[in-house]
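As structure tokens, the structure follows; a few thoughts come after it.
The values are calculated or read from the model by the stated rules, or taken from the named source; none is laboratory data. Quick caveat, the model's predicted, so the values are computed rather than measured. Cβ placement follows ideal geometry from the backbone for every residue including glycine, while neighbour counts extend to all protein chains displayed. Calculation scope for accessible area: heavy atoms of the full protein, side chains included, ligands and nucleic acids excluded. Shrake-Rupley method; radii C 1.70, N 1.55, O 1.52, S 1.80 Å.
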Amino acid sequence: PDIFSSLREVCRKYGLAELTLATDDGLVLATSASRDVEFDAVHYSQVVQLMTTPSEPDVSLYELQYKGSHLIGIIRANRHVPPIMRERIRDDTKVILQWWL
């Protein structure tokens, strides 16, 4: 029914706890989370800009371009998310963005 439900479905598909999409300057675009994720968006946009790795072991990041905007995907999972899975999540995210935005 909406972009948030679509992100929750991606979480279900890949066994993720949360998925948040943010702009590269730290604004939340959409999230599957039921909590405030503004800190995550700001913090992890800086992590990407500084080209460092997340300090939290349950967080994985991916980047994507959509309609000229640089976006960041913030994944929270109870396990390691391998690069190939992050690519699939990124591809699913692009489809969701094309559908809803």
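Give the residue that is least open to solvent (accessible area, probe 1.4 Å), with candidates limited to residues of segment 12-54 that are touching a residue at least 40 places away in the same chain (Cβ under 8 Å) and of a type in the set (Asp, Glu).
Among those that are touching a residue at least 40 places away in the same chain (Cβ under 8 Å) and of a type in the set (Asp, Glu), it is 18.
Collect the residues in segment 67-88 that are surrounded by 12 or more Cβ atoms within 10 Å (Cβ to Cβ) and within 13 Å of the chain's Cα centre (by Cα), keeping them in residue-number order.
70, 71, 72, 73, 74, 75, 76, 77, 81, 85, 86, 88
Kindly evaluate residue 9 against the criterion of being surrounded by fewer than 19 Cβ atoms within 10 Å (Cβ to Cβ), without any contact (Cβ under 8 Å) to a residue 60 or more places away in the chain and assigned to a strand (DSSP E or B).
Values: surrounded by fewer than 19 Cβ atoms within 10 Å (Cβ to Cβ): yes; without any contact (Cβ under 8 Å) to a residue 60 or more places away in the chain: yes; assigned to a strand (DSSP E or B): no.
No: the conditions fail for residue 9.
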